[in-house]
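The values are calculated or read from the model by the stated rules, or taken from the named source; none is laboratory data. Remember, predicted model here, so these are calculated numbers, not experimental data. Neighbour counts are summed over all protein chains in view; Cβ atoms, including those assigned to glycine, are modelled from backbone coordinates with ideal geometry. Accessible surface is based on the protein model in full, side chains and every heavy atom, while ligands, DNA and RNA are left aside. Shrake-Rupley method; radii C 1.70, N 1.55, O 1.52, S 1.80 Å.
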2 protein chains.
Amino acid sequence: MTKPNITSHDAATLETAPTRYVEGRGIRFAYRRLGPATGTPLVLLQHFSGNIDAWDPAVVNALATDRPVIAFDNAGVGRSTGQTPDNVAAMALDAVAFIDLLGLSEVDLLGFSLGGCVAQQIAAEHARLVRKLILVGTAPKGGEQHLLAVLQQAFSQTDAPDPRLPLFFTNSSASRSSGLAFLERTKVRKDDRDTDNGSAVTDPQAKALITWCDTPDPGHAILRAIRQPVLVVSGSHDTMLPASNAYAMFKELSNAQLVLYPDSGHGALFQYHATFVSHVRTFLDAQDAAA
Amino acid sequence: MTKPNITSHDAATLETAPTRYVEGRGIRFAYRRLGPATGTPLVLLQHFSGNIDAWDPAVVNALATDRPVIAFDNAGVGRSTGQTPDNVAAMALDAVAFIDLLGLSEVDLLGFSLGGCVAQQIAAEHARLVRKLILVGTAPKGGEQHLLAVLQQAFSQTDAPDPRLPLFFTNSSASRSSGLAFLERTKVRKDDRDTDNGSAVTDPQAKALITWCDTPDPGHAILRAIRQPVLVVSGSHDTMLPASNAYAMFKELSNAQLVLYPDSGHGALFQYHATFVSHVRTFLDAQDAAA
């Protein structure tokens, strides 16, 4: 097992930080660490098919100005070794293993889409490890999903510069234009870019996400087990995991704040990156609200 | 008509600012003005039965650190003269008259409860006057209300130090304790306090609010006429005007952000005053979100 130097301060950005590796339990995890050396680290859990470079530098770098932020590839994803599991519970085990390998005893989690499902699973099972939880564009177990239809439609738009444009943004000119700006931001890093994922990642991930949504969770056991403060965020017109999931999670969670953005899809956090960062900061730093 | 000196800077707080008066159209309006001389003024529209001193200094003073904030008594309320109307449309006319008397050509509005109904009416009819709109603990025309039952129950709790404790806060110890702190904050001002309202104010106001909710608005004409950016805020357990109203408004408005707080009632903005102020500031200053 390699020993990470977790106490050093990275002044680097998502685009310039070196990719590091930590190994244990048969997996070598790729990650980047940004921000100050002290403070509760915010660990990012990525969406279906995404790698470290699929995060928006505008979000990650802004969050890292006042707290440690860690982006990583879960098992099998990007440049991490191991097998991508086909279920959320196993992904949660892998993510906890990664956090343990970094020697972190308390973290905040930001889970986006599939990463939000993994974050719920972790928070429900690890009350001490997870201080606060941010769930973006995601669904509860047994929630509503339209993944296959929407993915099929997005990938059939061969004129789109990137499937994330129709998948993450609405058809309005404001949303599309912010989508194009987001795509540009993710391309700034040239060297040491993360590896794109193939079907060995996306097939089991798709199965995990669809199974998560298609499996009822009687009595909302997972949401009820989450006692940490939660910030639930969604775009108004998320076509894959609709905003009604966010409202439903808000109502079932014991201590959740809900934020919904207008004219936005699955990538609302990238479209409204400055507002989203402000909301995350306010939530993570709050003494009064659900703290 | 008296001429207000709107360009002077008040360093004062809600507790220390002198009450001013502006007269026109047969009404002498009482108001207090806080904050810097420049910037888009934020005009506060008060809840059923409330006067200027019913605002939370923790909210008003914090908002006034970086923008002009104006609290006032609408016609008939507190120390304003005139008759309190029994309908929202007439209250909106009075509020616009007040804003005109101050010589303001563009404002942001923060409407709480009944004040939120008045704010919707104004924003729908005055696209140029209202830049951005904040709706807290309120309902759309035709929305859901449980006013009489909840008010009756609150005023029957003779052991409560103030009916606003059961009306604005939940039964949790955290919410009650923040409610008591709120009540203390509203009592700090000793001199030049506003006049409490009697039935000449509350009877027509109750009628206005209940009529607003009990009158259908086909095709959500008022919400659809509001083209300004809107921040919709509610407490999770608002017993008078439930949070489902906020979710419904978010879905019908063309450009709305929704924020719901946990474990909170009608007075969520006072319970989570620091978080609420941060959310309001982020919304009013946003360049990216709904701006």
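The table below gives the values:
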item: Residues of region A:225-258 satisfying the condition of being surrounded by fewer than 18 Cβ atoms within 10 Å (Cβ to Cβ) and away from chain B (no Cβ under 14 Å); result: A:225
item: Residues satisfying the stated conditions in region B:92-104, i.e. in contact (Cβ under 8 Å) with a residue 60 or more places away in the chain and open to solvent by less than 10 Å² (accessible area, probe 1.4 Å); result: B:97, B:98, B:102
item: Residue satisfying condition, being buried (at least 18 other Cβ atoms within 10 Å of the Cβ) and farther than 30 Å from residue B:281 by Cα, within set B:107, B:150; result: B:150
item: Test for residue B:275: is it open to solvent by less than 10 Å² (accessible area, probe 1.4 Å), at pLDDT 95 or above and facing chain A (nearest Cβ under 9 Å); result: yes
item: Test: residue B:216 is out of contact with any helix residue (DSSP H, G or I) (no Cβ under 9 Å at 6 or more places or on another chain) and not basic (Lys, Arg); result: yes
item: Residue list for region A:17-40, restricted to those being open to solvent by 10 Å² or more (accessible area, probe 1.4 Å) and in a loop (DSSP other than H, G, I, E, B); result: A:18, A:19, A:25, A:26, A:36, A:37, A:38, A:39, A:40
item: Scope region A:240-254; condition in contact with a helix residue (DSSP H, G or I) (Cβ under 7 Å, 6 or more places away or on another chain) and either in contact (Cβ under 8 Å) with a residue 24 or more places away in the chain or of a type in the set (Asp, Glu) (or both); matching residues; result: A:240, A:249, A:252, A:253
